[in-house]
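Notes to accompany the following structure.
The values are calculated or read from the model by the stated rules, or taken from the named source; none is laboratory data. These numbers were taken from a predicted model, which means no experiment stands behind them. Positions of Cβ are backbone-derived with ideal geometry, glycine not excepted, and every protein chain shown enters the neighbour counts. Side chains included, ligands, DNA and RNA excluded: accessible areas come from the protein's heavy atoms. Shrake-Rupley method; radii C 1.70, N 1.55, O 1.52, S 1.80 Å.
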Amino acid sequence: MEFRHLRYFLVLADELHFGRAARRLSISQPPLSLNIQQLEASVGARLFERDSKGVRLTAAGRAFRESATALLAQAEEARLLARQIEAGAVGRLRVGFVGSMLYRGLPQKLQQFEADQPGIQIALTELNSQEQIEALLHGQLDVGFIHTSRVPDELAARLIHSEPFVCCMPAGHRLATRRNTGRTVALTELRGEPFVLFSRKASPDYYARIVDMCAAEGFYPQIRHEVRHWLSVVSLVSQGMGVAVVPAALRHSALAGAAFRPLKHSTVPSEVYCVWKAAPDHPARDRFVGIFPAPAAARPRSA
């Protein structure tokens, strides 16, 4: 039995006349008769009564008509779904992110993408960089946003955001007083201060980057607290439990009790990379990744 047989059957069931059915199908009558005979042989039952009075559906034919209609409708739905998936218009995306992405435009990007692509469902999971890499490798995420470019060969990575680090301190800190509003802070001014730092295990690149920044200024930070999320860093600082060096985007966290100041002579950037598994093909994922271009400074110049 082929879908062609079902289409021919349904047209004949509508017309109950071989000549008219053949014209609707743009074929001659003999091929139509042959296809109906093949279908009845495949089903193992007579679907039409043929006599001098014309063509009529048998009881078996009437029952078969409902099933044939449903089968063709399902086949059409499957065809349309396959075409939509091929075009990246439907599907489900599992997206991992580091907490600082909440202040780097991720919510706005997601809202716009969902408005433009209503057939694609997005599920968010907050994970640190290493957890996202593991989840991507094991097929548990489709896209991630992480703080490191050092990823396994199986993953593709694109720089999507670069910004300076800033100093985060309690609002009552000597460097955050009213007369110092807007001034820059040299890292050397934080020598001897208790530091709140992103956990080495959660993000070894960020941990090393901040420690190296301090080392370049001639001191090693007195690390008092290590946490797994950037918001936890800012929260502890706001409670007077130390100072921190954080990405500039965290200024938008608006946690009461925390103050932010630009770092003097800061040349080391805070970076975010969009990462995904290079294979297999995933049109919806590729469409999503496309809305996160590289920063202008990171793009190759056109000739």
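Considering the range 96-111 alone, what residues qualify as being within 13 Å of the chain's Cα centre (by Cα), among the hydrophobic types (A, V, I, L, M, F, W, C) and open to solvent by 10 Å² or more (accessible area, probe 1.4 Å)? The answer is F97, L110. Look through the range 1-41, keep the residues that are on the phi < 0 side of the Ramachandran plot, outside any helix (DSSP H, G or I) and free of Cβ contacts under 8 Å to residues at least 24 places away in the same chain, and return whichever of them is most open to solvent (accessible area, probe 1.4 Å). Restricting to residues being on the phi < 0 side of the Ramachandran plot, outside any helix (DSSP H, G or I) and free of Cβ contacts under 8 Å to residues at least 24 places away in the same chain, the top hit is E2. Of all residue pairs spaced 6 or more apart or on separate chains, those with beta-carbon atoms under 8 Å, a first member in the range 134-158 that is buried (at least 19 other Cβ atoms within 10 Å of the Cβ) and modelled with pLDDT of 95 or more and a second member that is β-branched (V, I, T) and in a loop (DSSP other than H, G, I, E, B) are F145/V98. The set of residues in the range 113-152 being touching a His at 6+ places or on another chain (Cβ under 7 Å) and farther than 21 Å from S199 by Cα consists of D142 alone. Pairs are defined by a Cβ separation below 7 Å, a sequence spacing of at least 6 or placement on different chains, a first member in the range 223-243 that is among the small types (G, A, S), and a second member that is assigned to a loop (DSSP other than H, G, I, E, B); the pairs so defined are S235/L255; S238/L255; S238/A256; S238/G257; G242/E193. Only residues that are loosely packed, with under 13 Cβ neighbours inside 10 Å and either under 20 Å from N128 (Cβ atoms) or of a type in the set (D, E, K, R) (or both): list them for the range 209-219, please. Correct list: D212 only. Each residue in the range 42-54 was checked for being open to solvent by less than 40 Å² (accessible area, probe 1.4 Å) and touching a helix residue (DSSP H, G or I) at 6+ places or on another chain (Cβ under 7 Å), and 3 of them qualify. Among the candidates P221, P204, P194, the residue that is in contact with a Lys or Arg (Cβ under 7 Å, 6 or more places away or on another chain) and farther than 17 Å from P262 by Cα is uniquely P194.
When only residues in the range 83-132 that are among the β-branched types (V, I, T) and modelled with pLDDT under 85 count, which is farthest from S253 (Cα to Cα)? Spell out the reasoning first.
So the first thing to find is which residues in the range 83-132 are among the β-branched types (V, I, T), and the list is 85, 90, 95, 98, 120, 122, 125.
With modelled with pLDDT under 85 added as a condition, the list becomes 85, 90.
Numbers: I85: 37, V90: 33 Å.
Per the criteria, the residue is I85.
Does V166 satisfy the condition of being in contact with a strand residue (DSSP E or B) (Cβ under 7 Å, 6 or more places away or on another chain) and in a loop (DSSP other than H, G, I, E, B)? It is false that V166 is in contact with a strand residue (DSSP E or B) (Cβ under 7 Å, 6 or more places away or on another chain) and in a loop (DSSP other than H, G, I, E, B).
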